[in-house]
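Participant: Here it is, the structure, as structure tokens.
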Amino acid sequence: MAQPQMRRAIESGVPDNQQYLHPLLKKNYGNWKYHDRPRPGVLHHVAHGGDQVWTVRAGTQRQMDVFTIRRLCDIADQYAEGHVRFTIRSNIEFMLSSEAKVAPLIAELEKSGFPVGGTGNSVSMIAHTQGWLHCDIPGTDASGAVKALMDELIDEFRKEEMPNRVHLSTSCCEINCGGQADIAIIIQHTKPPKINHDLVANVCERPAVVARCPVAAIRPALVNGKPSLEVDEKKCICCGACYPPCPPMQINDPEHSKFAIWVGGKNSNARAKPTFMKMVAAGIPNNPPRWPEVSEVVKRILYVYKDDARPWERLSDWVERIGWPRFFEKTDLPFTKYLIDDWRGARANLNASTHIRF
Ligand code: SF4
Ligand code: SF4
């Protein structure tokens, strides 16, 4: 009798992507001659051996129900040889070996509600964080704000009429896992946390919470005879870092949790060095379900940049050329001393403690 085989451990980590590649991409891996874009939303790659691949890019809502995923898979099976991939901004891409299939695929995607675009100098899909659906600490719904904004920017997604590509991101807490972007929308808490002292001793590891605070504003305290914590509100910078390890330190507030807009971040080192974004507007109401005040500020910055930047200037290059005073003049945003901190003075206003944090 055959011996039962031991089940081998499944290593965690990123699987080898070769097994999922479209056959033509696998065959010509690292051997491409050139690529171009026949129209917005379509990439065309030509290999040294003569093989050609057309890639059609469409926007998705990122957080998808199973019916939407099945619909996309059906489209891939019917029109696109059964292969798809996702970009870092949650666009879906279908790879085709024949140009004749491109137009029917585009028609099917548009008919099914997936706009085709997001390539070249367009406003690509907004990279957004989890929001209320998955994460345990959001102060707003990132995906909802994205939906409201992209409804208004869909034409800029479909066309390639910006000076350079525009990356937007939305983050639903100040941890900002949405990352750097040309324009970023980030939640901003404006009041210190409110502590539910009855729950702290049961739920929170107090030393861990004390160590979390970047400005050493949290101290252990005895409240009503129970071990708890207290916050020195003069020191607190309302960062929200104590809320994840200690939910009884509630910082979300329908009125005092606001939105801030940051601009000029970029990860790439094409043309100029990568840059950190800087805050240019604050105190914008967190106003679901359409966040109209956020859309108004983002569109104002976007369209001034579109009109004023030179060809191929990223938003950070444009601001660098015209200077911050003219940025605020042109966008007609109010300037305060709290905006565009360039970090040179950060020793005074950030991390002034010697705590070790994890
Ligand atoms: S931005 Fe903050 S709240 Fe939103 S998903 Fe990331 S860590 Fe969670
Ligand atoms: S971690 Fe942040 S929000 Fe919490 S007390 Fe410290 S500064 Fe205030």
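Bear in mind that the values in this text are calculations on the coordinates, not laboratory data. None of these values were measured; they are calculated from a predicted model. All Cβ positions, glycine included, derive from the backbone under ideal geometry; neighbour counts span all protein chains shown.
Participant: Where does segment 202-248 land on the Kirkwood hydrodynamic radius, alpha-carbon pairs, in angstrom? Don't skip to the answer; put the middle values down first.
Facilitator: Working: mean 1/r = 0.0923 Å⁻¹.
One decimal place: 10.8 Å for the Kirkwood radius.
Participant: A further question on this structure: Tilt of helix 142-158 relative to the longest C-alpha principal axis of the chain, in degrees (0 to 90, nearest 10)?
Facilitator: With both axes taken from Cα atoms, the answer is about 40 degrees.
Participant: Right, something else. What list of ³J(HN,Hα) couplings, whole Hz, do you get for segment 259-271 from phi and the Karplus terms 6.51, -1.76, 1.60, once you set θ to phi - 60° and write x for glycine and proline?
Facilitator: These are the phi-based 3J(HN,Hα) values: 10, 10, 10, 10, 9, x, x, 7, 8, 6, 10, 6, 6 Hz.
Participant: Write down the percent of antiparallel bridges among all DSSP beta bridges whose residues are both part of the chain, to the nearest 5.
Facilitator: 85 percent
Participant: Now for a different question. Return the FRET efficiency for the residue pair E255, E99: r is the Cβ-Cβ distance, R0 is 56 Å, and the value is rounded to the nearest 0.05. Before the final figure, lay out each step's value.
Facilitator: Working: r = 55 Å, r/R0 = 0.98.
So, using R0 = 56 Å, E works out to roughly 0.50.
Participant: Now, a different point. What ranking do T170, T55 get, fewest neighbouring Cβ atoms within 10 angstrom at the top?
Facilitator: Fewest-to-most Cβ neighbours within 10 Å comes out as T55, T170.
Participant: Output needed: Cys residues of the chain lacking any neighbouring Cys C-beta below 4.7 Å, sorted by number.
Facilitator: C73, C135, C172, C173, C177, C213, C236, C238, C239, C242, each lacking another Cys Cβ under 4.7 Å.
Participant: Can you list residues whose amide H is under 5 Å from K258's amide H, if they're 5+ apart or on another chain and H is modeled 1.01 Å from N?
Facilitator: Q188, H189, T190
Participant: If I take R0 = 45 Å and measure r between the Cβ atoms of V14 and E329 in this structure, what FRET efficiency does the formula 1/(1 + (r/R0)^6) give, to the nearest 0.05?
Facilitator: The pair V14/E329 has a calculated efficiency of 0.45.
Participant: Can you list the aspartates and glutamates whose alpha carbon sits under 18 Å from that of K191, skipping same-chain ones fewer than 8 residues off?
Facilitator: Result set, ordered by chain and number: E174, E230, D232, E233, D253, E255.
Participant: DSSP loop chymotrypsin sites (Phe, Trp or Tyr not before Pro) in segment 206-312 with at most 16 other Cβ atoms within 10 Å of their Cβ, which ones?
Facilitator: Details: sites: F259, W262, F276, Y303, Y305, W312; in loops: F276, W312.
Of the chymotrypsin sites (Phe, Trp or Tyr not before Pro), the ones in loops of segment 206-312 whose Cβ has at most 16 other Cβ atoms within 10 Å are F276, W312.
Participant: Order by neighbour count: L199, L315, fewest other Cβ atoms within 10 Å first, most last. Working shown, then result.
Facilitator: Working: L199 16, L315 27.
With the sparsest Cβ surroundings first, the list reads L199, L315.
Participant: In Å and from the alpha-carbon atoms only, list the Rg and Dmax of segment 21-111.
Facilitator: Computed over the Cα atoms of segment 21-111, radius of gyration and Dmax are 13.1, 40 Å.
Participant: If the cut-off is 18 Å between C-alpha atoms, which lysines fall inside it for K226, apart from same-chain ones fewer than 8 positions away?
Facilitator: K194
Participant: I would also like to ask the following. Against the longest principal axis of the chain, how steep is helix 292-308, in degrees 0 to 90 to the nearest 10, with axes from Cα atoms?
Facilitator: With rounding to tens, the tilt is 60 degrees.
Participant: Another question, then. Per residue Cα convex hull volume for segment 187-283, in cubic angstrom?
Facilitator: 121 Å³
Participant: Follow-up question, since we're still on this one. Which lysines, if any, have their Cα less than 22 Å from the Cα of K273, not counting same-chain residues under 8 positions apart?
Facilitator: K306
Participant: While we're on this one: Label the chain by shape, choosing from rounded, prolate and oblate, from the square roots a ≥ b ≥ c of the eigenvalues of the Cα gyration tensor; if a/c is under 1.5 it is rounded, and otherwise prolate applies when a/b is larger than b/c, oblate when it is not.
Facilitator: The shape class here is oblate.
Participant: Same structure, new question: With everything on Cα atoms, drop me the angle between helix 102-111 and the longest principal axis of the chain, reported from 0 to 90° to the nearest 10.
Facilitator: 40 degrees
Participant: Taking the number of other C-beta atoms within 10 Å as the exposure measure, put M64, M277 in order starting with the fewest.
Facilitator: Arranged by neighbour count, lowest to highest, M64, M277 become M64, M277.
Participant: Compare G49, G265, G118 in a GNM of the chain, Cα atoms joined below 10 Å, and give the one with the largest fluctuation.
Facilitator: Checking each option, the largest mean-square fluctuation is seen for G49.
Participant: When the chain is modelled as a GNM with alpha-carbon springs shorter than 10 Å, which of V116, V304, V263 fluctuates the most?
Facilitator: Looking only at V116, V304, V263, the biggest GNM fluctuation is shown by V304.
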